[in-house]
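The values are calculated or read from the model by the stated rules, or taken from the named source; none is laboratory data. Keep in mind that this is a model prediction, so the values were computed, not measured. Note that each Cβ is placed from the backbone with ideal geometry, even for glycine, and that neighbours are counted across all protein chains shown.
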């Protein structure tokens with residue numbers, strides 16, 4: 001009888017602990033931090049297909065993102081699909097794209113090629129980040145960014161008819177700021193036995209800039 005009481009008490013204690021853990025996990029996921037998987041190459045080389053990232057949700061509740069931020073946003077107000085791109089335009093900015101190069105307020109953002117001729121670093125004010133300009137490059141006529149909207153574009157500037165290369169997004173659809181890569185798995189390879197995925201160890205726990 002005594003053992004049954006102890007077992008019942010332990011079950012109640014563990015059950016309460018599990019409920020609390022789930023509750024706090026839901027609170028954290030809803031208001032603070034969430035994980036996303038990168039499914040394609042739209043943000044290459046900053047983010048690669050197979051990267052799993054953590055994002056913070058508190059940054060943009062009452063303010064717009066900053067220039068250069070990598071953000072997660074919804075495609076529609078009631079949709080479940082999420083996308084990730086970089087903020088390269090704020091309200092009042094004029095933006096156009098010529099051969100993959102961003103022209104902001106009549107000035108082309110400086111680009112310095114790296115070891116690969118198609119990839120290098122783009123400069124946005126004091127921020128430098130990596131991009132790839134692989135033909136066929138996409139283009140866009142000049143637009144002016146409306147109030148409470150931001151202009152978003154991927155770091156991989158290759159034209160792809162299957163997806164939107166750029167977007168003008170209202171503030172209320174911006175979900176979170178991308179913070180760091182917590183795991184990276186190459187979707188096209190497996191380790192030598194073929195039983196486990198191929199982890200890209202050099203990318204794990206790297207900040208997203």
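Overview of values
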quantity: Segment 134-152, residues that are modelled with pLDDT under 95 and in a strand (DSSP E or B); calculated: 137, 140, 141
quantity: Checking residue 116 against (1) loosely packed, with under 13 Cβ neighbours inside 10 Å; (2) assigned to a strand (DSSP E or B), the condition it does not meet; calculated: (2)
quantity: Some residue of segment 84-94 being assigned to a loop (DSSP other than H, G, I, E, B) and within 25 Å of residue 204 (Cα to Cα); calculated: no
quantity: Counted residues, segment 55-73 - those being assigned to a strand (DSSP E or B) and surrounded by fewer than 17 Cβ atoms within 10 Å (Cβ to Cβ); calculated: 1
quantity: Failed criterion for residue 91 (all others in (1) modelled with pLDDT of 95 or more; (2) on the phi > 0 side of the Ramachandran plot hold); calculated: (2)
quantity: Among the residues listed as 181, 97, the single one being in contact with a helix residue (DSSP H, G or I) (Cβ under 9 Å, 6 or more places away or on another chain), in a strand (DSSP E or B), buried (at least 17 other Cβ atoms within 10 Å of the Cβ) and at pLDDT 90 or above; calculated: 181
quantity: Flag if residue 202 is free of Cβ contacts under 8 Å to residues at least 24 places away in the same chain and in a strand (DSSP E or B); calculated: no
quantity: Residue selected from segment 121-133 under the condition part of a loop (DSSP other than H, G, I, E, B) and out of contact with any strand residue (DSSP E or B) (no Cβ under 8 Å at 6 or more places or on another chain), by the criterion surrounded by the most Cβ atoms within 10 Å (Cβ to Cβ); calculated: 125
quantity: Check on residue 12, at negative phi, in a loop (DSSP other than H, G, I, E, B) and modelled with pLDDT under 90; calculated: no
quantity: Filter result (touching a strand residue (DSSP E or B) at 6+ places or on another chain (Cβ under 8 Å) and at pLDDT below 85) within segment 36-76; calculated: 59, 75
